Each structure stands twice: as structure tokens, then as C-alpha cells.
Amino acid sequence: MIIATTHKNTDFDGLASVIAATILYPGCVGVVPKMTNKNVERFLSTHKTAFNLILPQEVKHDRVRKLIVVDTDQWQRLDRMDKLAARDDLVIELWDHHPAGGGDIVAHRTYKERIGSTVTLFAREMEARGLQLTPLDSTVLLIGLYEDTGHLSFPGTTPDDARAAAYLLDNRADLNVAGFFLNPPYEENQKEILFEMMKKTEKRTICGNSIGFNHVTLDKKVPNLAAVVSMYRKIVNVDALFVIFSSDDRHAIIGRSGVEGIDIGEILQSFGGGGHAGAGSATVKNAEMTAEAIIDSISAILAKKSSETVKIADIMSFPVISVGPDTPMREVQTLMTTHKIRGVMVTEGDDIQGIIVLWDFKKVKKDSQWESPVKAFMARKILSIGPGESPTTAARLMIENDVGHLPVLQDNKMIGIVTRTDILTFYYDLLPE
Ligand SMILES: [Mn+2]
């Protein structure tokens, strides 16, 4: 007997990957954990008989020859598979998109990639084998793919995810059905949680990223908190959001990120949880840590991680070209053309007086003005940045103040300049000209 199974609190990527395994491996039966996410439960209540699925208690462990594990690589996340973990004659194959770390399942064959969803791995294999799927199979796979990639919008989404979506749509995946299960109506108690969170979100800026923290005490079980957190991150407009839901004996941490630099799965591994770059969760016992300690600990991890990444000092231009305030405009223009630069600092000794950029030359209306001193045309409002700050902080300063150049100051001395071009080059991984 071949069985395929996935993690407890099964999401659509897990369920769809189990179903995909039953299609890809002849004779394979899918085992769905008893605890599933609310929307998966809703889907199964109407669809389960359409697939070859059973519950964990129905598995005859001694008859299982081969085990396919999908969307996780940890034994403890499987439902009632301990008997199989102890067997040494069992053949195990693993399909997962969670980056290495923490997994204790040793497989004979591993299909593991940093990719948007586990479904993508299956869909790619199915397409390579020229399989035709039914609209029903295609639809459930598409729901899994969309859920884990935020409809192909999460930063971890790859071209292969988009190609997998194309393959599933080619096989007549139904977007109406998918939309229905991907956007469950919010229930009354979910709305209450949402309002509760809105009242007290703590925002911290950590290395240029805005991070939201919420602590909510639950007096009853509320389904699908993950969906509420996803929605709330967009409402509060932060780069990443961590919500701690505390009940009698434990804290459930749910995290969501909308930026590439913050990998939720990696951060929550420190708390014994996991997930992927855009989304993840962890559970911590009340006795082990307070909610405040969790928030501080996440902040510390974020601060440490960012300190290892790129800083302004790495991308700034130097030495900085500067002129005195009485330099004629004509001379400044020649200087910019010769050095192929768009901005020049106006300084007197170490003192920054202003900045003149290409754009300011438009203010020169009469020929005689080319002989006027630069101080008559320069902008005097100067924002600066420190060499240890992040490119994100620079980008934010530029956007909020509509400036294109930021002098980089260290101990009040200008050591470089960072421009819009430097920032764009950094963000798009473009090579410098
Ligand atoms: Mn997944």
C-alpha cells in the first residue's frame, strides 16, 4: 500500500499536494490529518468523496510499503504516523517547498525546492509527463498554489509557479470555485478579532522595515486566524506583521511578510514553528515565554538579520563632488557633464549648504544667469542618511520627501552620496552602468 500525507492543520497546498500524489503514484491513497484549516474543512465537507482520501485512523500501518510526505519534512507535524517513523523497511519520498532546516524525515527521494508552493512541484511533473487532469483536480491544485503564493503575488513566487498556474488553467481549473474557497466570508468573531487588532498595533521600525506587532487574548477558539492576519497586514500597511494569539496555556504566533528581506518561516523556526518566506506560524507554551518576550525576541532576530545585509555604505557613491556656494552655474554644469553626474553638493568646508541637481538647471531662464552663483539656484533643504542605514530607509526618505539625493554623513562629515539610481540599482539587481 502506498499512502500520501501532509502536515496537521492542513492548508490547501498540503491537501492539494496529497491529492496530486494520489494522481501521480498509481495505487496511492491520500491520508488527510484530522485537524485541517477551516477553509480546507469547508472544501472537504462537499468534495471529499471525489478523491481517494482516508483519515489517519483508517491507515493499516503494517501494510504500508511506501510513504509520500508532502508540504512538510517533520515527523511531528504528521498525524498518527509514529509507527511508520520507527520502520526501517519503509520507502519514503518527500515533496516540499520549505527551505532546509528542522526536517527530520529521511527520504529515499526528495523533491525540494525554494518555490511558491508544493503543488508547483507536482504540477510541473504532471505537465512533463503529459498528464491531463480533470477540472476538479486542476481546481484544487490551483487553490493550493494560489493560497501559498497569494495569487502569485508573494515575493517567494517563481516563474515555475506561474507556469504551473497556466498548466492548471489549461486543464480547466475553475476560477469561480477557486475564488469561493480562497476568499471565505469573514465570520462575526473574526471581525471582532480584526477590530481588536486595529485598536492596538505596536509599530516598530527595524532596519528600515516597518514591523507590526499585536497581542490578542482569545477566550474562545476562532477559526482561520491566519486569513485575518493576512488581511490585517494589508490594512495596517506594514512590511511584516506578527500577531500573538494567547489562550489558556499557549501562544500561537502567526506572521505575514510582504517584503523579500523578511522570511517569516525562517524567523519562526527559532520558536519551533515554520512556514515559508511570506507566511508562517509557531506555538509557544505560556510557561516558556510571555507575549512581550516573544515580541522582543522577534525584534532582536530582525535587527540581527538586517545587520548582515546591505547597508548604505555598500551602495553609496564616493568621493562626493562638491562646489563652493559662489561657483558660477556654468562651471557647475561643466562639472556635471564631465563627471556624468546628476547632482553636486554645495559645501563650505565641512558644512553642507545645499544641493544642485540637473533638474535645477531648468530654473536658468536667461543666458546671464549662467554666471550667477550656484547658491541662488540650489536647494537648501537637505536630508541626510547614515552609512549604517538600509537602502529601504533611503528609499522611504526619498519617496516621502521627493528628493533624489541623500548625502551620507558620518560624525557630521559627508563621506558619500546615495542617489535614486543607486537605490534602483540595488532593488532591481541591475549592474552599475
Ligand atoms: Mn505549502
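Numbers for the structure displayed
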{"quantity": "Antiparallel bridge percentage (DSSP; both residues within the chain; nearest 5)", "calculated": "55"}
{"quantity": "Whole-Å distance, taken between Cα centres, linking segment 88-148 and segment 2-31", "calculated": "9"}
{"quantity": "Coil-residue chymotrypsin sites (Phe, Trp or Tyr not before Pro) of segment 343-433, DSSP, other Cβ within 10 Å capped at 16", "calculated": "Y428"}
{"quantity": "Selection of chymotrypsin sites (Phe, Trp or Tyr not before Pro), segment 1-70, meeting DSSP coil and at most 10 other Cβ within 10 Å", "calculated": "none"}
{"quantity": "Where trypsin sites (Lys or Arg not before Pro) fall in DSSP loop in segment 286-380, at most 12 other Cβ within 10 Å", "calculated": "K340, K365, K366, R380"}
{"quantity": "Among T283, S230, I244 - extreme Cα towards positive end, dipole of segment 188-307, charges at beta-carbon", "calculated": "S230"}
{"quantity": "Sorted by Cβ neighbour density within 10 Å, fewest at the top, the residues S138, S45", "calculated": "S45, S138"}
{"quantity": "Residue with peak Gaussian network fluctuation, the chain [Cα springs, cutoff 10 Å], from L175, L67, L53", "calculated": "L175"}
{"quantity": "Magnitude of the charge dipole, the chain, Cβ model with Lys/Arg +1 and Asp/Glu -1, debye to 20", "calculated": "560"}
{"quantity": "Length gained when the stretch D326-N286 is fully extended (0.36 nm per residue, less Cα-Cα span)", "calculated": "7.7 nm"}
{"quantity": "Neighbour net charge for L145 - beta-carbon separation under 9 angstrom, K R +1, D E -1", "calculated": "-4"}
{"quantity": "Candidate lysines for bridging to K48, where Cα separation is under 26 Å - those fewer than 8 sequence places away on the same chain excluded", "calculated": "K8, K34, K38, K60, K66, K83, K221"}
{"quantity": "Kyte-Doolittle mean at least 0.0 and Cα axial length at least 20 Å: DSSP H helices in the chain", "calculated": "135-149, 291-307"}
{"quantity": "FRET efficiency estimate (nearest 0.05) - Cβ-Cβ, T49 to T134, R0 22 angstrom", "calculated": "0.95"}
{"quantity": "Euclidean distance of C-alpha centroids, segment 214-252 and segment 149-197, integer Å", "calculated": "19"}
{"quantity": "Local electrostatic count at P159 - Lys and Arg +1, Asp and Glu -1, tallied over other residues with Cβ under 14 Å", "calculated": "-1"}
{"quantity": "Rounded if a/c under 1.5, otherwise prolate or oblate - the chain, Cα gyration tensor axes", "calculated": "prolate"}
{"quantity": "Order by protection proxy (mean Cβ within 10 Å, highest first), peptides 201-207, 92-98, 283-289", "calculated": "92-98, 201-207, 283-289"}
{"quantity": "Protection proxy ranking, peptides 333-339, 381-387, average beta carbon neighbours within 10 Å, highest first", "calculated": "381-387, 333-339"}
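No value in this document is a laboratory result; all are computed from the given coordinates. Note that the coordinates shown come from a computational prediction; the quantities given were computed from them, not determined experimentally. In this analysis, Cβ positions are derived from the backbone assuming ideal geometry, glycine residues included, and neighbour counts consider all displayed protein chains.
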